[in-house]
Structure formats: C-alpha cells, structure tokens
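The structure appears below as structure tokens.
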Amino acid sequence: MKLEIKLGDITEEEVDAVVNPANEYLKLGSGVAGAILRKGGKIIQDECDKIGYCQTGKAVITTGGSLKAKYVIHAVGPIWKGGNSNEDELLYSAVESALMLAHSYNLKSISFPAISTGIFGFPKERASKIIISAILEFMKKYENRTSIEVIRICLFDKETYGIFLKTYENIGI
C-alpha cells in the first residue's frame, strides 16, 4: 500500500474511487463536487438523492457515472467553526469512513481531495495533517489486510499541493 500526493484534476483520476467532499444532504454544487457532477453526470446526483443524507464524519458510495473512476465516495467533512466544535475529529472520521468503504468494496485505489478546505473553510495546513494522519493510520492498521494498494491525494492548485507535500515530508513514514 502506498500514499501518493499529486497536483491534478480529481475528475480525471484513473482509480477505483474518487472522494467527493460532500455536504450532509449530498447535493453536488460547487468546487470539487460541482466538477464531479459536471464530468460524471446527473446519475451521481440521482443516486445521492436516493441516499438522501450522510452525517458529518461519515461517508456513502455511489457509482462514478461518466467518470474514469468506477465509484464516488461522498465523505462529509466538517464546516470550520473555529476549531472548538470537534472539527478535527470529524475530518479524521470522514477520511477513515471513506477508506473503510473502499476497503469493504475491495477497491484497489482511491483518490482524495483536500476535504473541507474549500467552501467549508477548514485551514489547509491543519486539514493536511489530519487527512494524512488518518491515511497513514489506516495504512498501518490494515497493512497486508486490505485490497487497497494506492491511496492518492489529488490537489487542484499548487498552493494546496505544496502544503500537503510539506506536511507529508514532515510527518514521514
């Protein structure tokens, strides 16, 4: 199992599942979710509407529609409220829930965006530490016990990519 961090467009990822940084009502509007909807098609929103709701810190799965990825895992990260409303724990849980879904579906590869750092306002440096830590903990816990071979963090802009890369280099493995 390996962790990769790359600069790119998550809607172009050739992985088994891409992660959508979802809201609780699973409405794909702007940012990464909007890009997934535009490229993947209305079927993804239709499937989300059938599911209806996902609690913050949890994740649900739909097909990938017209995306290269077979699935979209909708992980609901927290809205930043200043750091005193369990945001760190909820973000960690959203990443962990997405990984557990990928594991339960026997997927080989998954690609994450910087969950909660867009319109939800989570500080990028803080989020990078939580997201990477959650992934590394999963890798340690499920080493040789999961179908997942590649976990990727795909970041759309150079600033966010730089933050995640620096965090990864500082945390190391």
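Read-outs throughout are calculated quantities, based only on the coordinates presented, and are distinct from any laboratory measurement. Every value quoted in this text rests on a predicted model; they were computed, and no experiment measured them. Because the Cβ atoms are built from the backbone with ideal geometry, glycine has one as well, and the counts that use them run over all protein chains shown.
Comparing mean-square fluctuations of ILE135, ILE43, ILE119 from a GNM of the chain with C-alpha springs under 10 Å, the top value falls on ILE119.
Amide H to amide H, with H built 1.01 Å from N, ILE61 comes under 5 Å of HIS74, counting only residues 5 or more places away or on other chains.
For LYS108, the aspartates and glutamates whose Cα falls under 15 Å of its own Cα, not counting residues fewer than eight places away in the same chain, are GLU4, GLU13, GLU14, ASP16, GLU143, GLU149. Within a straight-line Cα-Cα reach of under 13 Å, LYS158 can be paired with the following aspartates and glutamates, leaving aside sequence neighbours fewer than 8 residues apart in one chain: ASP9.
Using only side-chain charges placed at the Cβ, +1 for Lys and Arg and -1 for Asp and Glu, the dipole size of the chain relative to its Cα centre rounds to 80 debye.
Selection among GLY121, GLY77, GLY52 by position relative to the dipole of segment 1-128 gives GLY52 as farthest towards the positive end (Cβ unit charges, Cα centre). The aspartates and glutamates within cross-link reach of LYS27, meaning a Cα-to-Cα straight distance under 13 Å and a gap of 8 or more places when in the same chain, are ASP46, GLU47, ASP49. For segment 53-69, 3J(HN,Hα) computed residue by residue from phi via the Karplus equation (6.51, -1.76, 1.60; θ = phi - 60°) reads 7, 9, 5, 4, x, 10, 8, 9, 10, 10, 5, x, x, 8, 5, 5, 6 Hz, glycine and proline entered as x. Taking each of LYS39/LYS81; LYS6/LYS58; LYS58/LYS141 in turn, the alpha-carbon distance tops 27 angstrom for LYS39/LYS81. By the count of neighbouring beta-carbon atoms within 10 Å, fewest first, SER109, SER30, SER116 end up ordered SER30, SER109, SER116. Our analysis of segment 2-171 gives Rg over Rh at 0.93, with the two radii drawn from alpha carbon positions and Rh computed by the Kirkwood formula.
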